[in-house]
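Scroll down for the structure; my scribbles are underneath it.
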Amino acid sequence: MTKKYPGTFIVSGTALSSSISAFTKKEMYVLVPLAVVFNVVLVWLFFRNWLETLIALVPLLTGVIWLLGIMSVFTMPLNIVSIVAVIIASGVIVDYGVGITYECSRNLHFGTLMAITLSAASNVIGAGALLFAKHPALFSTGVAMVISMVAGFSPR
């Protein structure tokens, strides 16, 4: 085949898949801690108080723990796609915690709960559409995002 088409070469599908998996796994060891650090720093910069920062980050921790627990119970693999989905969802989940923590800590009542509830509902509906996907990567993204966002939503 390479004689017929100069400049081409044959690649093993298994070798290519292994190479891509190894590279993305190495990337996750950098990206996951980076996402955690960015979320913590951003929330701390907003509150400038470690107690409120930690309280606001509880929904994120809850979402990740529930995701790992549910995936473990149903023997679903935690793959790169799921991890990327949770990294993306982490920003949304942190918003829930920041909004509620801010409103409660300052004894404010200006509709944050309703706004966060509607935001959570629309995010879950959008990600929930992926639960009907036939492609495993899209389905895995939907599962990870829906579980983490539903578990991370806490009205108070």
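The values are calculated or read from the model by the stated rules, or taken from the named source; none is laboratory data. Source: prediction; values computed, not measured. Here Cβ is always computed from backbone atoms with ideal geometry, including for glycine, and neighbour counts include all displayed protein chains. For the accessible areas, the whole protein counts, side chains as well, though only heavy atoms, and no ligand, DNA or RNA atoms are used. Shrake-Rupley method; radii C 1.70, N 1.55, O 1.52, S 1.80 Å.
Measure nothing fancy, just the Cα-based angle from helix 80-105's long axis to the longest principal axis of the chain, in degrees from 0 to 90, nearest 10. Compared with the principal axis, the helix lies near 10 degrees.
Against the chain, whose longest principal axis comes from its Cα atoms, helix 112-128 is set at around 20 degrees.
Only one of (1) 24, 24, 18; (2) 38, 18, 13; (3) 32, 19, 13 was calculated from the structure for semi-axes √(5λ) of the Cα gyration tensor in Å, and its label is (2). Ser140 contributes an accessible area of around 10 Å² to the protein surface, as traced by a 1.4 Å probe with all chains present. Find, among the trypsin sites (Lys or Arg not before Pro) in the stretch 14-103, those assigned to loop by DSSP (not H, G, I, E, B) with at most 16 other beta-carbon atoms within 10 angstrom. Filter output for the stretch 14-103: Arg48. The ratio of the alpha-carbon radius of gyration of the stretch 1-78 to the globular-protein estimate 2.2 N^0.38 Å is 1.85. With respect to the chain, whose longest principal axis is taken over its alpha-carbon atoms, helix 136-152 is tilted by about 10°. When shorter helices are ignored and each DSSP H run of at least 4 residues is given -39500 (n - 2.57), the per-residue value for the chain at 222 nm works out to -27000 deg cm²/dmol. Computed over protein heavy atoms with a 1.4 angstrom probe, the accessible surface ordering of Met28, Met76, largest first, is Met76, Met28.
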